[in-house]
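Single-structure report; data block below.
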């Protein structure tokens, strides 16, 4: 078995485990902000891993580049979502009540999406 296929299988396994854990957490308490944010993290990780899985086994450079753009949706947004999750878990409610804070929280993710995913 070649290394690209092996890594693609591993990336698909990451996607499946990530989505399963996200769904289980969301089913446990769907109204909690922490559960919703964790599910968003798992969706971003799934985009990241599926994009890399298909990019590894792409037959040509154009297809690989397309799947790299898909994976950029994941790695470009996951860090902002993780920071948001940590703020929810640590109880920074006064900071999360301000609407302008979300703009600055997700602005780097938006810049990454515009630069690498489009």
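Computed from the coordinates by the stated procedures, all read-outs in this text should not be read as laboratory data. All values reported here derive from a predicted model rather than from experimental measurement. Note that we place each Cβ from the backbone using ideal geometry, even for glycine, and neighbour counts take in every protein chain shown.
Overview of values
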item: Gyration tensor over alpha-carbon atoms, region 16-66, equivalent ellipsoid semi-axes in Å; result: 30, 9, 5
item: Helix-only mean residue ellipticity at 222 nm for the chain, each DSSP H run of n ≥ 4 adding -39500 (n - 2.57), per residue, nearest 500; result: -28000 deg cm²/dmol
item: Cα point-scatterer Debye curve for region 66-115, base-10 log of I(q)/I(0) at q = 0.31 Å⁻¹; result: -1.13
item: Packing-based ranking, highest mean first, of 59-67, 104-112 given that Cβ atoms within 10 Å are counted; result: 104-112, 59-67
item: Relative counts (whole %) of C-alpha pair distances in region 3-117, using bins that are 5 Å wide; result: 2, 13, 17, 20, 17, 14, 9, 5, 2, 1, 0
